Amino acid sequence: MSDLFFSDFGLLWFLVPAYLLWVAAWLVLPWLATKRRRAAAVRFSNIQPLQRLKPSRSLLLRRLVMGLRLVTVALLVLAIARPQTGRKQTHVRTEGIDIVLVLDTSESMLALDLDAERAIAQRRNRLEVAKSVVVDFVKKRENDQVGLVVFGNEAFTQCPLTLDHGIVATFLERVEIAMAGAGTAIGSALGTAVKRLKDSEAKSKVIILLTDGRNNAGSLSPLKAAEVAKTFGIKIYAIAAGTRGKAPFLVDSFFGKQVVYEHVEIDEETLTKVAETTGGLYQRAEDKNALAAIYDQIDELEKTEITMDTYMEYNERFRWFVIPALVLLLLEVLLLGTRFRKLP
């Protein structure tokens, strides 16, 4: 859609005040002239009959016709400011990043340690905290394709690579504990993510792995999966979620819900090697704030390149103002010279 604008808009700061002064003078000067009119040449004993006479309609119409001059000059003032219409076009070129989020759904993700500032009964488990942080991360990647892989004993693609981040958020909401089994098949999960990315033509290909344990299921080792990822130019960021030592779990017992503390081992050595093999980064998050900070850091490290080219096409539109002004001027001259001609 084209917009009307004035190329020499600055001139209006001078022309508009001058025009308003001229209009004021045009309205006031005739009134002053009537105040200074000469004494009557013919005297009447009673002028009340004359005062009862209504003004001639022709005089009023003549005044309106003369008012066309105000519109004519206003149009010429706008024409001097060079009215133009144009369209601003912006072409955006992006070199996006394809990202596969790999999320652990093993039973150990039931631990309640990432929400430590809340009362134990109000805490979310590790998976729920991770999902909330991941959703915020996805919202920031507007120009990137994002996919989702979940794993337990097995690994599968929950959401393929897509630019529709609303779909990704919907699939994230459906992720549940043990939906892929109770174990932790980190190698299989990385292998599944590599399959999703190996044929990608994106500028950068990234896997963000979040887990809280060690590889204890699946036929593919994490280190072997990392070597395969490296051959395809895929970078792996590994995140370990969980406090050190024992973590609280909420379990059912004969007396109802009870909190028990269990030790969950995280294979930091393997996760570090996986990240280093592919040129990525390993970090550990012991609470939700640390987890959010890690995803923010990854967001800063993996920036999408965006190039914007802006073009402006415009057309001169002074004719829209000059032609009506000339028509009104000719109409005024014609009417004042014929129907509303003033006799001496």
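The values are calculated or read from the model by the stated rules, or taken from the named source; none is laboratory data. Because the structure is predicted, anything quoted here is derived from the model rather than measured. Note that we place each Cβ from the backbone using ideal geometry, even for glycine, and neighbour counts take in every protein chain shown. Ligands, DNA and RNA are excluded from the accessible area calculation, which covers all protein heavy atoms including side chains. Shrake-Rupley method; radii C 1.70, N 1.55, O 1.52, S 1.80 Å.
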Just one listed residue, out of Val175, Val146, Val150, is of a type in the set (Val, Ile, Thr), over 23 Å from Ser219 (Cα atoms), surrounded by 24 or more Cβ atoms within 10 Å (Cβ to Cβ) and in contact (Cβ under 8 Å) with a residue 40 or more places away in the chain, and it is Val146
Taking the conditions exactly as written (of a type outside the set (D, E, K, R) and either under 22 Å from Ile234 (Cβ atoms) or not in a helix (DSSP H, G or I) (or both)), does Gly187 satisfy them or not?
yes
Any hit, the range 222-238, residues being open to solvent by 30 Å² or more (accessible area, probe 1.4 Å) and under 28 Å from Leu112 (Cα atoms)
no
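I'm checking my understanding of the structure. Among residues of the range 275-293 that are in a loop (DSSP other than H, G, I, E, B) and under 29 Å from Arg123 (Cα atoms), which one is most open to solvent (accessible area, probe 1.4 Å)?
Per the criteria, the residue is Glu286.
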Tell me, which residue of the range 294-326 that is under 30 Å from Phe137 (Cα atoms) and in a strand (DSSP E or B) is modelled with the highest pLDDT?
Glu305
For Asp136, are the conditions met, namely being modelled with pLDDT of 85 or more, loosely packed, with under 15 Cβ neighbours inside 10 Å, within 33 Å of the chain's Cα centre (by Cα) and charged (D, E, K, R)?
yes
Against the conditions (1) open to solvent by 10 Å² or more (accessible area, probe 1.4 Å); (2) aliphatic (A, V, I, L, M); (3) modelled with pLDDT of 95 or more; (4) closer than 20 Å to Gly279 by Cα, where does Ala202 fall short? Just the number, please.
(3)
Please list, ordered by first then second residue, the pairs with beta carbon atoms under 8 Å, 6 or more apart or interchain, first in the range 13-26 and of a type in the set (Phe, Trp, Tyr), second at pLDDT below 85 and open to solvent by 50 Å² or more (accessible area, probe 1.4 Å).
Trp26/Arg69
Are any residues in the range 112-133 of a type in the set (S, T, N, Q) and either over 30 Å from the mean Cα position of the chain (by Cα) or closer than 22 Å to Leu197 by Cβ (or both), and if so, which ones?
Gln122, Asn125
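For Gly213, state whether it is under 35 Å from the mean Cα position of the chain (by Cα) and either part of a loop (DSSP other than H, G, I, E, B) or not aliphatic (A, V, I, L, M) (or both). Give the steps one after another, and end with the answer.
Numbers: under 35 Å from the mean Cα position of the chain (by Cα): no; either part of a loop (DSSP other than H, G, I, E, B) or not aliphatic (A, V, I, L, M) (or both): yes.
Criteria not met by Gly213.
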